[in-house]
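Below: one structure, written as structure tokens.
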Amino acid sequence: MVLRRVLFALLSSPRLVEKLSESRPIRVAARLTAAAITRGQLSARQAARGLGPRLLRLRDAFLGELKDGARAQGWPRPPGRGPGRGDRPGAAP
């Protein structure tokens with residue numbers, strides 16, 4: 001608890017934060033962090049590009065199966081067949 005207060009007090013000082021940001025270890029840590037983030041973003045983009053064609057095939061297969069199943073169930077029903085809105089209580093004729 002005391003350590004937290006001391007760190008907060010130190011980091012609340014703009015002058016100290018500026019001096020720390022100019023120090024070599026902090027600059028190196030910032031450079032390494034930026035490089036790791038950039039590398040991660042590039043890897044994610046490459047992985048997404050590789051997934052694109054597979055996701056399209058999956059979507060097409062899913063839609064095909066969905067349409068086949070709907071047709072097997074007689075869907076979409078032609079107009080005028082089935083109860084529709086008129087059979088519900090309170091519905092306008």
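Within segment 2-18, the set of residues being farther than 23 Å from A30 by Cα and within 37 Å of the chain's Cα centre (by Cα) comprises L3, R5. In segment 48-90, which residue that is surrounded by 10 or more Cβ atoms within 10 Å (Cβ to Cβ) and in a loop (DSSP other than H, G, I, E, B) is modelled with the highest pLDDT? For segment 48-90, the residue satisfying everything is R77.
For the criterion of being of a type outside the set (K, R) and surrounded by 10 or more Cβ atoms within 10 Å (Cβ to Cβ), V2 fails. Checking R45, R39 one by one, the residue that is modelled with pLDDT of 95 or more, in a helix (DSSP H, G or I) and among the basic types (K, R) is R39 and no other.
The values are calculated or read from the model by the stated rules, or taken from the named source; none is laboratory data. Computed from a prediction, not measured in an experiment: that's the story for all the values here. Positions of Cβ are generated from backbone atoms using ideal geometry, with glycine treated the same way; all protein chains shown enter the neighbour counts.
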